[in-house]
1. At 7 Å along the Cα-to-beta-carbon direction for both THR178 and ASP111, put a label point, then send me their distance in nm to one decimal.
2. Could you give the accessible area per residue of the stretch 99-229, probe 1.4 Å, as a whole number in Å²?
3. At 0.36 nm per residue, minus the direct Cα-Cα distance, what do LEU144 and ILE252 gain on full extension? Give it in nm, one decimal, please.
4. I need the calculated FRET efficiency for the pair LYS229 and THR73, taking r as the beta carbon distance and R₀ as 22 Å, to the nearest 0.05.
5. Rounded to the nearest 0.05, what FRET efficiency is calculated for PHE90 and SER125 with R0 set to 30 Å and r the Cβ-Cβ distance?
6. Identify the residues of the stretch 81-102 with backbone N under 12 Å of a label point that sits 7 angstrom from the Cα of TRP134 along the Cα-to-Cβ direction, or state none.
7. Probe radius 1.4 Å, ligands and nucleic acids left out: which of HIS21, HIS137 has the largest accessible area, and how do the rest follow?
8. Running Debye on the stretch 58-146 with equal point scatterers at the Cα sites and no solvent, what base-10 log of I(q)/I(0) appears at q = 0.15 Å⁻¹?
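The values are calculated or read from the model by the stated rules, or taken from the named source; none is laboratory data. Bear in mind the structure is a predicted one, so any value in this text is a computation, not a measurement. Neighbour counts run over all protein chains shown; Cβ positions are idealised from the backbone, glycine included. We work out accessible area using only protein heavy atoms, side chains counted, and drop any ligands, DNA or RNA first. Shrake-Rupley method; radii C 1.70, N 1.55, O 1.52, S 1.80 Å.
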Amino acid sequence: MTLDGLITDGQAWFAAALPDHGIYALMAFAFIAGLARGFSGFGAALIFIPLGGAIIGPKLASPILLVIDGIATLGMIPTAWRNANRPEVFVMAAGAALGVPAGTAMLALLDPTLLRWSITIIAISLLALLVSGWRYHGAPSAPLSSGVGLIAGLFSGAAQLGGPPVVAYWLGGKSDFTRVRANVVLYFSISTIFSAISYYIGGLFVPAVFALTAVILPSYALGLYGGSKLFGLAEERTFRIACYVLIAAAAIIGMPLLDGVLR
């Protein structure tokens with residue numbers, strides 16, 4: 001086959017893999033999700049999964065976010081490896097090794113509408129946890145760390161929503177912010193590997209995931225960059241309030257009852 005033929009076939013595959021509606025909305029949602037993550041360190045899944053799931057379904061939205069966030073955060077891993085409490089991270093990751101496959105099975109097998117309602121409820125519950133300011137202030141222990149990893153892994157496998165339990169657990173401890181951030185980054189780099197393996201086994205990496213990743217990744221990366229730059233221009237409290245509002249709006253608008261708003 002000639003080079004021109006390969007290019008033509010590639011273009012045809014790419015066009016066939018893309019959905020017939022909602023691409024520009026997905027790009028906008030990815031930008032907002034990236035902005036929130038770059039600007040506050042969390043919130044990408046809580047924004048993108050409810051909104052993206054309303055357009056293309058959670059079985060596409062979750063693996064897409066897994067891929068674009070995994071690619072966008074690769075550069076953070078070496079520093080996290082040096083600064084993290086690696087034994088503590090590995091204990092939590094052991095729990096995630098059990099939780100992620102269970103969550104992935106839910107994503108692959110549950111009815112899409114039921115799963116979307118579940119994601120809405122989880123997103124609102126996790127938002128309430130973040131807004132409450134609750135933090136775990138006890139000393140980390142192996143059973144508790146692995147239990148948090150199990151819960152976070154379950155949420156990550158089902159909808160990439162594992163961040164808030166991990167952050168609430170580690171942020172209230174005695175470690176300084178640099179160590180906590182490194183722990184979180186390293187944990188999610190490991191969790192991402194578990195999710196990628198589970199999603200592959202579960203048959204969730206369909207062609208549309210990679211076609212949409214190619215389209216959405218630049219918007220998400222731009223949002224990450226913009227959010228990181230904006231972080232130095234406003235108070236942290238202002239940023240977090242803005243993110244809370246965005247997450248709440250995403251959870252509400254992403255409900256199946258309001259599908260007409262996005263379609």
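1. The answer from the label model is 5.2 nm.
2. On a per-residue basis, the stretch 99-229 sits at 45 Å².
3. So the chain would gain 35.7 nm between LEU144 and ILE252.
4. 0.85
5. For R0 = 30 Å, the calculated efficiency reads 0.65.
6. Hits in the stretch 81-102 for TRP134 at 12 Å: none.
7. Per-residue accessible area, sorted high to low, gives HIS137, HIS21.
8. Scattering profile of the stretch 58-146, log10 relative to I(0): -0.90.
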